[in-house]
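Asker: Supplied in structure tokens, the structure appears directly below.
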Ligand code: NIG
Ligand code: FE
């Protein structure tokens, strides 16, 4: 795409700043800066300058008329399982008929069902399907992603997924972080031999991943019925030895113990947190671990939402992501997560917006290049249609408010 252009006729620039802001916590999350009647100049794919219309520079290159729309930082999805072979709507109907997620898992459905489907699909076909999902999310405003493996559950299939993530990054030029989640479930043949599978993760998968440099992070599903705290810790310790940073799925269905492990091992994030008590919130407050909330999964699973309001009152900050996956969150649209954040978790539009922009950039360690309108950052922007307000975005629950999605810069440049 064009890397040098001037956007003019902007009703408002949202979340602009002249000093670097990395992460917003507590009451800071309710603040979104606004610059009215603005322009913004992009050079070499980066935000070069912006200002009010009275001070618009003369520019000989391409000009883009925003037609009175707003310009804001584009959305960042810091937690997805976007690489899967197929949807699982038959399990959705099983749940409507009364089975629980755990019951479906125990009889070989759920994550194991997705693993079966991955085995039989070629890397190219998996890439094509994943590409289409990513581009759909892009059309809804998401220009940077975290993507996890975890539907392989054996060395070949896990590597296949991670290679697809690498190819998505190389072929799209978008900023994508890759997470190894071999410890998503136990394959059926290891149901009574957990240590056997953990050994495979540690002795086979981690070295192969390092060999091809296929992951930035390692994640574990620390949950009753999945990985115990002891099992989680073993994997985390090994992953750190292989140079991976840590993210942990925890407290989705129970107080599973993952938060303490995450803090002890300097994890980047703890994700889910539907079940979160005061003690756990205090622990998080005294740590650098970023909470990642996933309201789409809580909605789809019909379970309680993370206590976002209490977290804010306590001074915690968090990011919000989709958890896009075929089992518990089959929708990659961050607009929908944003609407749920307001409707179900009672966040203000500003709080929810910060959670999917600046805080999500921080959660993916892209805070130097993405998440807000600052000089020098990559021009990852959304231009809204005219007459859009920030409040309209969650209110309209993902209706058609986007005029353009822009992702300036090439992959190598993201810091
Ligand atoms: O984040 N919690 C674990 N993993 C996914 C669900 C995976 C699936 O059912 O396919 C999640 O909700
Ligand atoms: Fe997840």
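Asker: Consider a paramagnetic label point 7 Å from the Cα of residue 288 along Cα→Cβ; state which residues of the range 257-279 have an amide N under 11 Å from it.
Answerer: Answer for the range 257-279: 266-268.
Asker: Separate question: Which of 43, 189, 374 ends up with the largest GNM mean-square fluctuation for the chain, with Cα atoms connected below 10 Å?
Answerer: 189
Asker: By how many degrees, 0 to 90 and rounded to 10, does the Cα axis of helix 229-241 deviate from the longest principal axis of the chain?
Answerer: So the inclination is approximately 60 degrees.
Asker: Kindly rank 97-108, 336-347, 132-143 from highest to lowest mean number of other beta carbons found within 10 Å of each residue.
Answerer: Result, highest mean Cβ count within 10 Å first: 336-347, 132-143, 97-108.
Asker: Next question, about the same structure. Plugging the Kirkwood radius over Cα pairs into Stokes-Einstein for the range 1-122, at a temperature of 20 °C and a viscosity of 1.002 mPa s, what D comes out in µm²/s?
Answerer: In µm²/s, the coefficient is 113.
Asker: For helix 334-343, report the angle its Cα long axis makes with the longest principal axis of the Cα atoms of the chain; keep it between 0 and 90° and round to the nearest 10°.
Answerer: 90
Asker: Oh, and also: Residues of the range 1-34 with backbone nitrogen within less than 19 Å of a virtual label 7 Å along the Cα-to-Cβ line of residue 313, please, listed as ranges.
Answerer: 25-31
Asker: Please give the peptides 154-164, 323-333 ranked by average Cβ packing (other Cβ atoms within 10 Å per residue), highest first, as a rough proxy for protection.
Answerer: Answer by packing, highest mean first, reads 323-333, 154-164.
Asker: Summing -39500 (n - 2.57) over the DSSP H runs of n ≥ 4 in the chain and dividing by its residue number, what mean residue ellipticity at 222 nm do you reach, to the nearest 500 deg cm²/dmol?
Answerer: After summing the helix terms and dividing by the residues of the chain, the value is -9500 deg cm²/dmol.
Asker: While we're on this one: So for each of 211-218, 15-22, 270-277 I average, over its residues, the number of other beta carbons within 10 Å; can you give me the resulting order with the highest mean first?
Answerer: 270-277, 211-218, 15-22
Asker: Between residue 167 and residue 120, what is the label-point separation in nm under the 7 Å Cα-to-beta-carbon projection?
Answerer: If labels sit at residue 120 and residue 167, their model points lie 2.0 nm apart.
Every number in this text was worked out from the coordinates using simple rules, so none of it is lab data. Predicted, not measured: the structure shown is a model, and the values here were computed from it. Heads up, the Cβs are rebuilt from the backbone with ideal geometry, glycines too, and the neighbour counts pull from every protein chain shown.
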